[in-house]
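A short write-up of the structure that comes next.
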Amino acid sequence: MKSTTVPREGLFIPREGFPFRQSPSRHRKEPLPRATVTSAFPSLAAGKAMSKGRAEAAAGAPEILLRYLQEQNRPYSAQDVFGNLQREHGLGKAAVVKALEQLAQQGKIKEKMYGKQKIYFANQDQFDMVSDADLQGLDAKIVALTAKVQSLQQSCRHMEAELKELTSALTTPEMQKEIQELKKECAGYTERLRNIKAATNHVTPEEKEQVYREKQKYCKEWRKRKRMATELCDAILEGYAKSKKQFFEEVGIETDEDYSVTLPDP
């Protein structure tokens, strides 16, 4: 059997056209996996279906764009039209540009250059002429509707605030439960106050004043001794080779800060 050798090593194709792989050591023919031949069929079918859908959308693009421009009656660029209608109608940008140019050539819409960009809008000849009185009436209607919209928006904001307040408020069962807990807590305080009033070992004002004086005395001494210890440690640390933390660990000094203790206000 004659064969045509290709540049890739170990692969040749006979005249029948069926590919075989040739081993470098043995002339044994093995067919290549058929998946390499048929794997492209599903994607090819999907691509044809997608192309068909785009072709159908492009065919109806002029009618869609003409209706859109007439309904909106305002100027648009090709990019604006594409962005507004692409999701709803599946139009490509090239189809949009082509349809707009076609409509402009047919005189169904108007186009104007705005800088380096073309602007398209509906042909104004198809609309009725509006007098100045009608325009003033429309302006007055716009003002009235704008005021109404602002009033409704303000009402909506008040209602949203009220709804938020009601949503965050306690429900009736929750309020009843909290009332019971507060009554129970109040009863406990009342009983505690009754016991305090019934006690016979009350502290006299003189004894209370004495306690305050002793507190101030001890706090003053505490502050004085802490200052002396701090100054002494600072003097030692001036000639100490290690850090303050290491010095405290070696000597065994415990500070108020280690235990989150602060001096009371004088």
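The values are calculated or read from the model by the stated rules, or taken from the named source; none is laboratory data. Keep in mind that this is a model prediction, so the values were computed, not measured. As a convention, Cβ positions derive from the backbone with ideal geometry for all residues, glycine included, and neighbour counts pool all protein chains shown. With ligands, DNA and RNA removed, areas are computed over all heavy atoms of the protein, side chains included. Shrake-Rupley method; radii C 1.70, N 1.55, O 1.52, S 1.80 Å.
Results, tabulated for the structure shown:
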| read-out | value |
| --- | --- |
| Which listed residue, of Gln86, Gln102, Gln150, Gln106, is open to solvent by 90 Å² or more (accessible area, probe 1.4 Å) and either closer than 24 Å to Leu66 by Cα or in contact (Cβ under 8 Å) with a residue 40 or more places away in the chain (or both) | Gln106 |
| Members of region 62-79 found to be part of a helix (DSSP H, G or I) and touching a strand residue (DSSP E or B) at 6+ places or on another chain (Cβ under 9 Å), listed by number | Leu65, Leu66, Tyr68, Leu69, Gln70, Glu71, Gln72, Ala78, Gln79 |
| Region 109-147, residues that are open to solvent by less than 60 Å² (accessible area, probe 1.4 Å) and in contact (Cβ under 8 Å) with a residue 40 or more places away in the chain | Ile109, Ile119, Tyr120, Phe121, Ala122 |
| Verdict on Thr262 being part of a loop (DSSP other than H, G, I, E, B) and either touching an Asp or Glu at 6+ places or on another chain (Cβ under 9 Å) or on the phi > 0 side of the Ramachandran plot (or both) | yes |
| Tabulated pairs, region 208-233, first more than 17 Å from Phe248 (Cα to Cα) and open to solvent by less than 100 Å² (accessible area, probe 1.4 Å), second in a helix (DSSP H, G or I) and modelled with pLDDT under 95, C-beta under 6 angstrom, 6+ apart or interchain | none |
| Pair list, Cβ < 9 Å and 6+ apart or interchain, from region 185-200 residues that are assigned to a loop (DSSP other than H, G, I, E, B) to residues that are open to solvent by 80 Å² or more (accessible area, probe 1.4 Å) and of a type in the set (A, V, I, L, M) | none |
| Matching entry among Lys112, Lys108, Lys116 (being among the basic types (Lys, Arg) and over 43 Å from the mean Cα position of the chain (by Cα)) | Lys108 |
| Residues located in region 76-93, provided they are modelled with pLDDT under 90 and not polar (S, T, N, Q) | Leu85, Arg87, Glu88, His89, Gly90, Leu91, Gly92, Lys93 |
| Of all residues making up region 189-201, the number that are more than 58 Å from the chain's Cα centre (by Cα) and open to solvent by less than 100 Å² (accessible area, probe 1.4 Å) | 4 |
| Top-ranked residue in region 234-259 [being in a helix (DSSP H, G or I) and among the acidic types (Asp, Glu); ranked as least open to solvent (accessible area, probe 1.4 Å)] | Asp234 |
